[in-house]
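Here the structure is laid out as structure tokens; the discussion comes afterwards.
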Amino acid sequence: MDTEKKDILILAIESSCDETAAAVVKNGRQVLSNVISSQIDLHKLYGGVVPEIASRKHIEKINQVIEEALENAEVTLDDIDAIGVTYGPGLVGALLVGVAEAKAIAYAKKLPLVGVHHIEGHISANYIENLELEPPFLCLVVSGGHTHLVCVKDYGTYEILGRTRDDAAGEAFDKVARAIGLGYPGGPKIDKLSKEGDPDAIPFPRAHIEDSPYDFSFSGVKSAVLNYINGCKMKGIEYNRADIAASFQKAVTDVLVDNAMHAVKEYGLNKFAIAGGVASNSSLRAAMKQACEKNEIEFYYPSPIFCTDNAAMIGVAAYYEYINGTRHGWDLNAVPNLKLGER
């Protein structure tokens with residue numbers, strides 16, 4: 001196929017968790033539309049995402065989100081060259097809604113179907129605003145479900161250097177936020193409250209895994225926070241929520257930065273990116289920026305709207321998969337535990 005003759009337009013669909021999203025992406029770098037219907041207010045009532053409710057909401061919203069994405073991009077389905085969709089990892093019921101929709105459109109319009117890995121989408125979000133960024137580079141993916149340190153060798157080619165042994169960074173943020181009474185979603189609330197606190201007030205632990213220098217562990221620091229709170233309650237001591245938030249956030253950030261900079265030096269790469277929901281955390285961005293400047297490394301990061309779940313990033317990843325020849329059949333299924341690099 002001659003991809004030179006015309007612009008390639010991808011209609012992308014994302015429904016892996018609690019955002020129903022659709023986007024139209026041109027030539028892998030230009031976002032013509034990016035529509036996100038969030039369910040945060042709904043799940044706040046339960047203190048976290050309820051999978052059954054998420055799936056039902058996706059079914060309600062998906063058609064109107066796609067129609068809006070096409071309308072905002074000023075295109076119709078007749079202009080689209082391929083359908084990209086997240087098929088894993090994520091909540092199985094939520095993923096199935098997006099996959100079924102993508103298959104239905106692709107079948108009806110006789111369009112190629114391209115399944116996309118959700119983490120590949122997060123990494124690809126960096127290409128949207130950084131037109132000069134090309135592989136190879138290192139990327140830290142930090143979100144509610146994932147903490148991965150990845151070597152991006154080429155478009156669609158990844159090597160996972162390190163991952164969390166237990167809680168993902170975003171999970172730890174949510175659990176600590178719940179413990180200090182901030183509610184859901186935890187990440188943005190801790191980020192905001194921590195600005196009023198002292199990050200050096202409480203010496204929470206930083207876990208480093210001896211035999212795996214790029215792996216992470218956040219259950220220890222989460223437990224340390226819970227133990228600190230319980231200790232204060234048992235002794236009748238009042239604790240400062242802002243100090244807890246700031247000290248916890250710094251403990252997590254320090255580990256993420258240390259492991260990332262260690263990997264950058266070992267692999268001899270001078271480009272580093274962050275991605276995922278937690279990548280919009282202001283403390284993490286500032287610490288990474290400072291570390292990269294100190295080590296003379298180019299630092300890339302997406303705008304906050306492209307850090308949290310969205311379909312634009314899926315459209316970018318789908319474009320590179322599409323031009324590399326990736327096609328999926330009508331048997332494409334949701335794979336909730338899909339590993340990065342699997343097909």
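Where a number appears in this text, it was derived from the coordinates with a stated rule and is not lab data. Small disclaimer: the values here were computed from a predicted structure and weren't measured. All Cβ positions, glycine included, derive from the backbone under ideal geometry; neighbour counts span all protein chains shown.
Please give the FRET efficiency for Tyr239 paired with Tyr46, using the beta carbon to beta carbon distance and R0 = 35 Å, rounded to the nearest 0.05.
0.85
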By the mean-Cβ-within-10 Å protection proxy, highest first, 94-100, 328-334, 184-190 rank as 94-100, 184-190, 328-334
Checking Asp174, Asp211, Asp309 against a Gaussian network model of the chain (alpha-carbon springs below 10 Å), the top fluctuating residue turns out to be Asp211
Listed here are the pairs Lys189/Lys250; Lys222/Lys339; Lys26/Lys109; Lys189/Lys265; which of them are more than 22 Å apart at the Cα? Lys222/Lys339; Lys189/Lys265
So for the pair Glu129, Ser282, with labels modelled 7 Å out along Cα→Cβ, what separation do we get in nm? 1.5
Springs between alpha-carbon atoms under 10 Å, Gaussian network over the chain: tell me which of Asn240, Asn281, Asn27 tops the mean-square fluctuations. Asn240
C-alpha center-to-center spacing [the stretch 17-47, the stretch 207-259] in angstrom: 31
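DSSP loop trypsin sites (Lys or Arg not before Pro) in the stretch 46-130 with at most 12 other Cβ atoms within 10 Å of their Cβ, which ones?
In loop regions of the stretch 46-130 (DSSP not H, G, I, E or B), the sparsely surrounded trypsin sites (Lys or Arg not before Pro) are Lys110.
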Would you list which aspartates and glutamates come within 12 Å of Lys195, measuring only between C-alpha atoms, while excluding same-chain residues fewer than 8 positions from it? Asp243
Among Phe173, Met234, Gly268, whose Cα projects farthest towards the positive end of the dipole of the stretch 135-302, with charges put on the beta-carbon of Lys, Arg (+1) and Asp, Glu (-1)? Met234
Amide H contacts under 5 Å for Leu161, restricted to residues at least 5 apart in sequence or on another chain and with H modeled in the peptide plane, are Leu149, Val150, Cys151
Degrees separating the helix 282-294 axis from the principal Cα axis of the chain, which is the longest one: 90
Given labels modelled 7 Å from the Cα in the Cβ direction, how far is it in nm from Ala108 to Asp254? 5.5
